[in-house]
Structures are given as structure tokens and as C-alpha cells.
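The values are calculated or read from the model by the stated rules, or taken from the named source; none is laboratory data. Computed from a predicted model, the values in this text were never measured in an experiment. Cβ sites come from the backbone with ideal geometry, for glycine too, and all protein chains shown count toward neighbours. Heads up: the accessible areas ignore ligands, DNA and RNA and are worked out on the full protein's heavy atoms, side chains in. Shrake-Rupley method; radii C 1.70, N 1.55, O 1.52, S 1.80 Å.
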Amino acid sequence: MRIVIIGNSTAAVGAIEGIRAADSAANIAVISAEMVHTYSRPLISYLLEGKTDIDRMKYRPADFYERNNVQTFFGCTVTAVDAVARAVVLDNGEHIGYDKLLLAAGSRPFVPPIEGLCGTEHYTFQSLADAKSLEAALTPKSRVLIIGAGLIGLKCAEGIHSRVGNIAVAEFAPRILPSILDGGGAALVQSHLVGKGLTFHLGNAVASVDGHTAALADGAQVPYDVLVVASGVKPNIELLTAIGAKAGRALITDSCGRTSLPDIFAAGDCAESIDLTDGRRRVLAILPNAYLQGRAAGKAMAGLEEPFTEAMPVNSIGLFGLHIGTAGAMRCEPETDNNPQYSDVNNYRRFFFSDNRLTGFILIGDVNRAGIYTALVRAKVPIDTINFAAIAEKPQLMAFSPAARKQMLNGEKNDS
Amino acid sequence: MKRIYVREEWCIGCHLCEYYCAFANSGERDMSDALRGVKINPRIQVEDADGGVTYAISCRHCERPRCVEGCITGALTVEDGVIRLDEEKCVGCYTCIMLCPYGAINPSDAGKSGRSRPIQKCELCLNNANGEPACAAHCPNRAIIFEEGGSPCGL
Ligand SMILES: Cc1cc2nc3c(=O)[nH]c(=O)nc-3n(C[C@H](O)[C@H](O)[C@H](O)COP(=O)(O)OP(=O)(O)OC[C@H]3O[C@@H](n4cnc5c(N)ncnc54)[C@H](O)[C@@H]3O)c2cc1C
């Protein structure tokens, strides 16, 4: 059997490991537009910051493809999928046949239609190549304008901070990190970043740019030398939607990654998930999710059905030494409702409950042992069966009954 | 494989496991040198619950480790059933801390050696000179045992 994987990042690695867990013989081919060994995308900001290097960025060891007996086609872009001939078409004209195909093509930066942007120099921040070209444009005097105060924009700011003159961030939403933080949390993180010298223009779309100055919706003029566009990502789904695959914002699959097309799978940032916190389909563009979707797809392609049904948002981000951990769903009016239950200046904690369940939380500052909260969300533990008050300020297993704890800690192992 | 199991009804809450863990991972040869003037940050932690209930928690080395599955760098791996940390690769994003249902991976500190590592976890003392878990070896009431057995099921 020949399995072809388009993409060479997290979802692809998950798939390779999934295939090999079930089938040591299948013939695996990985095709990637990038020329490099699989690397961790989130580390590109740490690379610019000098906290890692190309070698340590490798997401799997140097002998990964060899050990898993994977044939690699690097520097090759897939331009079409021919489902009738069961082959993918490469940019060099070559056709590669498949029995099973996985699209693990991730996403690309979304570049908004801002007047003047098309014709002027700007950078995005998603791949190693992006990081390298941005790096080459920076000088110790650069005034940098980043469009977008999401995770990628702010990680970019952290990565380049010590190498530039100043950084301004413009964001359309009224607060930073709008997809993961409430108003109170966002204000706290923002003041930390302002303390590091960043400037913010919030609730303010960039109306136009001319290569040196950005005009904001409120009339402000922001001069810049380097412009970074970090206003979201767009799933790479066109190879499959062009041949009729069902998609919403990203490809729709079952919990083993099957698309609506026979023998074609999708995983990672190009596929939607069912968010277990509310049962809705959405794109959960985070690395752990990409890995687990990829692995389930890999196993299924190799004939082992092990559905991945635990997708949920979990974000962990450090910014200039301040840690933020969020998980699950925020069920509130983030702008108006700013009352964390347990909070002091350096330690913000907010929990969201509904129907006797913890559905989500936001921690800023101390995130130690937060996985205990994540587990409560994931397992939908009825809150009235545990002593949540005992762990609201500090997650501990003491919230559980001795019997439940014994099961958790020791499993089937009986006392002697 | 051999794992650490805890028997909370036998735990007397002495916290000795925490001190032996800190010592084992300090790189020092003498316990008092290792611990004098140090606020320990051990890889095993005793929780003191209401009613005098105590128990020690360290990495369960899960068969399906969420920390390894979610690690963004590839720094966490499974070697012969033991979840190992490559300190050189880890950048301290804390994704594993957000994913571990036991709270058994924790932020680290520079320690006495001054060498900073972003996170720490129990590696069954395979990462230090001890070779076998110091917490279990020194537990005065055998409330922490190191024995053959299956992976706990977690939450
Ligand atoms: C700066 C930054 C920081 C991030 N930080 C975090 C974080 O802290 N935590 C977290 O959980 N997530 C983070 N993410 C998100 C995380 O990187 C993604 O969720 C993850 O990389 C998705 O993996 P993937 O395999 O689906 O796709 P991608 O990583 O997007 O990889 C897609 C692959 O497909 C290839 N490809 C695409 N189209 C084609 C084609 N037509 N032909 C051939 N090859 C093709 C690409 O070259 C690439 O190899 C961050 C992302 C960025 C950019």
C-alpha cells in the first residue's frame, strides 16, 4: 500500500507515527513545499530571540524519515489532486500515485485587503522562511508595525524585541489576544507588554499603508520601517475543495480524518475539529490538535480505527516572562464582564461554568498544574462531585475523592 | 515496566520524598550541601488535603502521555516507557503543564547550579546519578513504591 502525505509538519509527523504504529510495511511518501527537515513552527519566534537554533527546532530527530522508512519529496509543491487516477501532481509535472492520501497542508497567513498593502513590502510570520526574511530586514533602529495582536503577532513581537528600535501593534479588536482572553485578562497582559516598550492601537483597523506610514481607521498615522502582517491564518484546503471535498472554513472530516472523498484524509490546521466543549465544528489551529488529528488519520489509513474525539482549545503562551494558559470555551461577554473570581495583580484566574461543568478557564501568571483544570474540562467532570473551591486558587488532586484519586494515580494496581 | 505507585493511606505526610527528590536531582554528593539554604522545588509533591490526608504525586509515565503528544518542540519523548525531557530542546512554553492531568510537570528554576531549565518532571531518577527513584527508596512507610505494573488511567 502506498500512502502519500502532503505536508511535512505536525500533522504529517503524527500521521507517520500513526501509520507505523499499525503497519511497518506501508510505503510512505511525504511531499513538502519546504526544503527542510520537519521543524516546530511555534519556535520561529524563539529562533529570532536566540533561544533555540535550527538544529534544536527539529520536531523529530535527524534520522526520523530513515527510521520510519519514509520517502521524502522536499521543495515540491502539490498543484493538483487527481482522484480518478489516484495521483497527486507536483509543480515539476511529476505524478505520484497513492492508495491513501492525507492532506496535512496546514494554513497560510491571511493577508487582509488593506489599501496599498499589495504593492508595498511586508512580512508574514508563519514559516522558517518567513522568519529568516523578516530577520534580514531588521536593524537595531527599525520601527516595526505589526498588524494583529493575536498569538502569532505578539510572539513575533517578543522574538524581535531586542533587535529593533520599537514595536507598535495595531489590532482591529478592542483588546489583545481577542480569541483567548477576556477584557480583564487582556488588559493585564497588555500593561505587561507596554511595560516592555510595546505600543498598541486597539479597536483600530489599518485603513491603508504606503510603505512608510500606516493610516489607521481613527485617523492616526503610524510611521514604520518594517511591516508585519499577522492578522490570522487561512486553511490550505483548495487542493481538495477543487475536486469536491466538503468544507466549512476548513475540511470536514470524521474523527479518523476521512474527508468526503474516498481514500482521502485531512488533518491539522487544514481540517476542522469537533470542539468537545460545545460540540461545534471549528478550526482548532494548535499544534497538539494537529498532532492528534494526524495520528488518528495515520492509524486509520493503515487500517486501525482509533478515532480522535477529544479536540478542544488549549493555549499556552509566554510573553516576556508572563505565562498565559487558557482552555475550553469562554461563555461570557468578554468586553463587559470582567470579574475574575480569584485574582490578584500577578495572578489572574477566571473560570467559566455551565450546566454543572467547568467549560473553560483563563490563567495569567501562575499556570502551575493547570492541566488538572484542563482535565476537568475535557472529562466534563460534574463540579458537584468534586471540591472545586479547594483548588480554585491552586490546582491539586485533593479536589477528588480518595477512591477517584486512587484510580487516577494507581489505576488497576491494587494495594498490597 | 516498573512504575511509582502511591498508597495514600500509608503516607504520613513527612515530605521526605520531596527532599530526597531535590537532593537526587541537585547533582550534589552530600545531602546537606544540596539542601542548605535552598527552597526545594522537587519533582514529586506531597499534597496536604483536609483531614490530614496526604499523598505524593509525580509523573505517572502514562501509556498515552498527553504531554508528549502535545509537546510543541519534540523535547518530551517516551524511551522504554519512561517520559524523558530533553532540556536543550525545551523552550518552556508550558503546553505540557496545560495538558498533564496530574499536574506532574512543573516550571523549574535555576537551582543551586545556576543552570536554568524551563520545566522539570520525574524521570524515575534515570536522569541523575541515582538510577532508581530516590523518593521510593527513602519513603519511611513504603507509601511510595516502585514496582512492576500497568499505567494508571488518568482523567
Ligand atoms: C509563530 C507561530 C507560533 C505558534 N505557536 C503555537 C503554540 O505556542 N502552541 C500551539 O499549539 N500552536 C502554535 N502555533 C500553531 C501551530 O504551529 C500549528 O497549529 C501547526 O503547525 C499546524 O500543523 P500542520 O501540520 O497542520 O500544518 P503546518 O505546520 O502549517 O504545515 C503545513 C505543511 O504543509 C506544507 N504544504 C502546504 N501546502 C503544500 C502543497 N501544496 N504542497 C506541498 N506541501 C505543502 C508546508 O510546507 C508545511 O510543511 C503557532 C504558529 C505560528 C505560526
| message | Only one of A:Leu102, A:Leu138, A:Leu128 is at negative phi and over 23 Å from the mean Cα position of the chain (by Cα). Can you tell me which? | response | A:Leu138
| Only one of (1) open to solvent by 70 Å² or more (accessible area, probe 1.4 Å); (2) more than 14 Å from every other protein chain (Cβ to nearest Cβ) fails for B:Lys2. Which number is that? | (2)
| remark: Of all strands (runs of 3 or more DSSP E) fully inside segment A:189-278, the set with 2 or more residues that are of a type in the set (A, V, I, L, M, F, W, C) and in contact (Cβ under 8 Å) with a residue 40 or more places away in the chain is A:199-202, A:206-209, A:213-216, A:226-229, A:264-266
| field | Residue ID - nearest to the ligand (Cβ to nearest atom), chosen from residues in segment A:16-28 that are within 18 Å of A:Asp63 (Cβ to Cβ) and open to solvent by less than 30 Å² (accessible area, probe 1.4 Å) | value | A:Ile16
| field | Selection within segment B:66-105 - surrounded by fewer than 23 Cβ atoms within 10 Å (Cβ to Cβ), under 16 Å from A:Arg60 (Cβ atoms) and more than 10 Å from chain A (Cβ to nearest Cβ) | value | B:Val78, B:Glu79, B:Arg84
| query | Of the residues A:Ile5, A:Ile44, which is surrounded by 18 or more Cβ atoms within 10 Å (Cβ to Cβ), part of a strand (DSSP E or B) and in contact with a helix residue (DSSP H, G or I) (Cβ under 6 Å, 6 or more places away or on another chain)? | reply | A:Ile5
| message | Considering only segment A:86-109, I want to know if a residue exists there that is closer than 16 Å to A:Val226 by Cβ and in contact (Cβ under 8 Å) with a residue 60 or more places away in the chain. | response | yes
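Can you give me the number of residues within segment A:29-41 that are within 8 Å of the ligand (Cβ to nearest atom), open to solvent by 10 Å² or more (accessible area, probe 1.4 Å) and more than 11 Å from A:Met57 (Cα to Cα)?
Looking only at that region, the number is 2.
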| Here is a list of conditions, (1) away from the ligand (no atom under 16 Å from the Cβ); (2) in contact with a helix residue (DSSP H, G or I) (Cβ under 9 Å, 6 or more places away or on another chain); (3) outside any loop (DSSP other than H, G, I, E, B), and A:Pro174 meets all of them except one; can you say which number that is? | (3)
| field | Residues within segment A:209-219 that are of a type in the set (Gly, Ala, Ser) and surrounded by fewer than 13 Cβ atoms within 10 Å (Cβ to Cβ), tallied | value | 1
| field | Residues (under 24 Å from A:Ile147 (Cα atoms) and open to solvent by 40 Å² or more (accessible area, probe 1.4 Å)) located in segment A:233-254 | value | A:Val233, A:Lys234, A:Arg249
